[in-house]
Structure formats: C-alpha cells, structure tokens
Amino acid sequence: MKEIELYRLSTDEKIVHVPETRSIVVRFNAPKKVLSTSLLNGGYREDIKGLFNYTCCGPGSCMSLEKYEEHLGKCAAVMGLDPARSTGIGTAARMENAAIVEETYEELKVAACVTAGVEGNAGCAGDPAGYYGAGARPEIYRPGTINILLFINADMPPGILTRALVTCTEGKTAALRELMVGSRYSENPATGTGTDSTIIVCDPKSSLYFRSAGKHNKLGELIGKTVKEAVKKALGNQNHLYPSTQHSVTERLKRYGVTEEVLYSYFREYKKDGIEEEWRHLWRKIDRDSEMVFMSSFLAELLDEYRWGLAGNEEVSHMAKKLLQMTEEAYGMRSVPMEIKSTEDIKDAFCRLAVQAAVKKNGILSITVKQINLSGTGSLLVCR
C-alpha cells in the first residue's frame, strides 16, 4: 500500500498517510509509553508497537460501539499492525484534513497530529446525554470528532502521562473557545464533541524526565500550544471553520437558536411573499457587519451570564434594553413601546431588529416592519 510521509518525529518515527485504508499510521522503532482512550488496547501500555487514526464513516452515516473493539483490531491488521500490540481511533473526518503542529523548547519537542470535525457533534461537558450507557446497548456515533495523536520526546511516570491528557484536553477546549464554537445540544459553548479520542506517546529512553505536565512548566505549555493550534488548523481544513467564518451573527448566536432559517420566519412576517433565496441574499449582506456581529456577541455574553447566575434579573433587563437600543441607533431605526419580560423576549426583539436592519441596509423600503421599543423592564423568566 502506498504511504505518504506527513511528518518525521524527533525520535525518527514517521507519521504516514495511507490513502487505501483512509488512515494515518505511526509504527514505533523502539519501546514507548502510551496512554490511549481507545477500546483497542486502551489505557496505559508499554507494549504498543504502533497506532492509527482512520476515517471509519462518512458524512451522514453513523457507527455503533457494538463489536467496535473487534472492528478496530481488524483495521489494525489491514494496516499491517499487530492487533494485540496496537491502538487506534476512528472518526468521520478525512485524513487529508489532518493538521500537524510541533513546538520546541531547548531539547523538548511536542508534536500533535489532529483530525477534527464539530459540525454535527459539538457539545459541552454536562449537556443532556442521549442514553444511559450501562450494559450492552450500543452507542450510536454522530459524525463529528476531535482525535488527537500527541508525541512527546521525553520520559515521565504513568501518573504524569495522565496529567498530560488533562492539559491536552484543556488545549482542545481552548481552541473551541477561541473559535466560539457552540454546543449542538444546549445553549452552552462547546468544550469538545461526544466522541473525542486521544493517544499520547512518550519516550522512556529519553534523557529528559518530567514530573509535571501541568500549565506551570514548559511541557504543559508546549502541550497546550501544539494541541490548540493543531485543533484550530484541523477544524479549518475539515469544516472550513476559521476566525473569519466565525465573524458572523448566526455563528455567534446559533447555540441560542438564532439561525438564517429562524430569521427568515421573521422576514416572512414582514413580507408575506418573501422567498428564502431573497432573504439569504439580504441577510448575508449584514451577517458579517461588524456592528451587528459585536452586538450579537454582547447579547450571547449577557444571556450566558444570566443562565450561569453571574447577573441578576434587573441587571440583565437593564443591559438588554441598552444593547437593543444601541442596535436601533447603529442602524438608524425608530421604535414603539414593547415590554421585555423574559430572555425569549430579548432574543425575539434582537431577531426583529436584525431583520429590520437587513431590510434597511438593502434599501427595501416597501416592507412595513414591526418595530420594537424596550421601555419595559420586569422580571426575566428563562425559557428552557
């Protein structure tokens, strides 16, 4: 099988892409300490001879955990690895979209090879689960996974290798935070996906020996930097998710249910014969408008702080009024009285103002817009 070398590690092992098996494979030329979240030879091991990440399903398909360990073993054999001495992880992401980042400090080198997709499966720790999970019932994987292969050219005890996993996970979450990725299951910012997997490899023959992998030492710093950067690059490759694409009202507010489709329903209130294609054309002229994007960010932050108990009813009501008035003023809109009594009222008012702004910006003066005033205060009742 044809192998394409993607990267050569400082330990002289190669990260290779094998198109025929839709996989990325690493074969070890010396003993390694390995920590893996895989069902195949997962946990802490010192007898692993190779590892892999592979595309196990396509967009729109799913995968069951039933007999998944057996399936991974068969995949390892096809890749030329010993199923009893290898570990591997699967994803719907394409291996062609993997990102590799290495950071160094003096003799220390940390490299991360990441595949990532979040469009269908991004979630926040603590989101409502889809099923219980005890017993034999198989889990169904929804496409969307962040898989991380992390290589460290240093030695450390098993407990510190597990601490490296904590730092690695924090780096992944930091990447999602910086891209403002929202959960697909709740109104929370995403912290990962429901199917993320990680394999960490360190070198027991190295003269470098670490007793910490947290954020206070250079090893932890390099783990965080490599993982964060590689996750961001992989999401750009797989989902075309970049800082520029996230500069969008609907991307900032999607987790609160504000989408193009929802805004189109508001548009139809104003223009009964308005077609969706017409609305998308209007909206895309304002969706990335700087003032509207930052107003949407302020709104999301306000709603977050209220849900998390960081701001009270009166504060949120007062600041929502000011925020929506700023939106009116930014786009030269006037309003009539309307009372704000709940967070749903706040979102409703913002959606109406956003549609009105899109209409006004595009010069469609024939539409009669239902206007909004924010003179009311009252208690906020969170609609869940």
Problem - Given (1) closer than 18 Å to Val227 by Cβ; (2) touching a residue at least 40 places away in the same chain (Cβ under 8 Å); (3) not aliphatic (A, V, I, L, M), index of the condition Tyr209 fails - result: (1)
Practice task
Starting from the stretch 146-158, keep only residues that are assigned by TED's automatic domain parsing to the domain that holds Pro31, then list their pairs with residues that are of a type in the set (D, E, K, R) and part of a strand (DSSP E or B) whose Cβ atoms are within a distance under 7 Å, requiring at least 6 positions of separation or different chains.
Solution key: Asn153/Lys109
Practice task
For Asn362, state whether it is modelled with pLDDT under 90 and either surrounded by fewer than 16 Cβ atoms within 10 Å (Cβ to Cβ) or hydrophobic (A, V, I, L, M, F, W, C) (or both).
Solution key: yes
Exercise for the section: Could you list all residues from the stretch 160-193 that are closer than 16 Å to Gly126 by Cα, small (Gly, Ala, Ser) and either surrounded by 20 or more Cβ atoms within 10 Å (Cβ to Cβ) or in contact with a helix residue (DSSP H, G or I) (Cβ under 6 Å, 6 or more places away or on another chain) (or both)? Expected result: Gly182, Ser183, Ala190, Gly192
Completion exercise
All-but-one check, Ser244 against (1) out of contact with any helix residue (DSSP H, G or I) (no Cβ under 6 Å at 6 or more places or on another chain); (2) surrounded by 16 or more Cβ atoms within 10 Å (Cβ to Cβ), failing number (2)
Practice task
Check whether at least one residue in the stretch 55-68 is touching a helix residue (DSSP H, G or I) at 6+ places or on another chain (Cβ under 9 Å) and either in a loop (DSSP other than H, G, I, E, B) or at pLDDT 90 or above (or both), and report yes or no.
Solution key: yes
Exercise for the section: With a cut-off of at least 1 residues that are aliphatic (A, V, I, L, M) and on the phi < 0 side of the Ramachandran plot, name the strands (runs of 3 or more DSSP E) lying wholly within the stretch 1-50. Expected result: 4-8, 14-18, 23-27, 33-36
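Please return the ranges of helices (runs of 4 or more DSSP H) entirely within the stretch 212-304 where 1 or more residues are in contact with a strand residue (DSSP E or B) (Cβ under 7 Å, 6 or more places away or on another chain), of a type outside the set (A, V, I, L, M, F, W, C) and touching a residue at least 40 places away in the same chain (Cβ under 8 Å). Let's see the steps before the verdict.
Numbers: elements: 218-239, 249-253, 260-270, 276-283.
Ranges flagged: 218-239.
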Practice task
Name every residue in the stretch 330-359 that is modelled with pLDDT under 85 and either outside the structural domain of Arg288 (by TED's automatic domain parsing) or part of a helix (DSSP H, G or I) (or both), in order of residue number.
Solution key: none
Handout entry: Breaking point among (1) among the basic types (Lys, Arg); (2) assigned to a helix (DSSP H, G or I); (3) surrounded by 15 or more Cβ atoms within 10 Å (Cβ to Cβ), for Lys322
Key = (3)
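For every residue, the table says whether it meets (1) modelled with pLDDT of 95 or more; (2) within 20 Å of the chain's Cα centre (by Cα); (3) charged (D, E, K, R).
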{"site": "Leu9", "(1), (2), (3)": "yes, no, no"}
{"site": "Ile48", "(1), (2), (3)": "yes, no, no"}
{"site": "Leu51", "(1), (2), (3)": "yes, no, no"}
{"site": "Glu70", "(1), (2), (3)": "no, no, yes"}
{"site": "Ala92", "(1), (2), (3)": "no, yes, no"}
{"site": "Glu102", "(1), (2), (3)": "yes, no, yes"}
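The values are calculated or read from the model by the stated rules, or taken from the named source; none is laboratory data. What you see is a predicted model, and the numbers here were worked out from it, not measured in a lab. Backbone-built Cβ (ideal geometry, glycine too); neighbour counts: all protein chains shown.
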